[in-house]
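Report on the structure given below.
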Amino acid sequence: MKTKHIQYATQGTCSRLIDITADENDIIRQVFFVGGCNGNLQGVSRLVEGQRIGDVVGRLQDIRCGSRPTSCPDQLSKALLQLQNAPLVEE
């Protein structure tokens, strides 16, 4: 199976990094957040694993955290858009 993987440095959130892997069919296989609200971000990660990238982006983009112009879910949507263009590698 071929996969794609990125590490995305977040901006404007408590989390600092998102590590994501998807398969060749753009199905999200693993999501790990570094920093942020651990329980909430574990929940978000588990909810999106097994979902198509495009479906998740549509649900999470433009979510705000309080008065901030972004949030961890919004940053995940940005990371997933970047992941869509990442090269596939053989596992």
Self-check item: Paramagnetic reach from ASN40 (point 7 Å along Cα→Cβ, amide N under 19 Å) across the stretch 55-76
Solution: 57, 59-76
Quiz prompt | Net charge over other residues, Cβ less than 12 angstrom from the Cβ of THR10 (K, R count +1; D, E count -1) | solution = +1
Self-check item: Cα-only Debye scattering, the chain: base-10 log of I(q)/I(0) at q = 0.18, 0.23 Å⁻¹
Solution: -0.71, -1.14
Quiz item: Given R₀ = 25 Å, FRET efficiency for LEU88-ALA9 by Cβ-Cβ distance, to 0.05?
Solution: 0.65
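A short reminder: the numbers here are calculations on the coordinates, not readings from a lab. What you see is a predicted model, and the numbers here were worked out from it, not measured in a lab. Cβ coordinates were reconstructed from backbone atoms using ideal geometry, including for glycine residues, and neighbour counts include every protein chain displayed.
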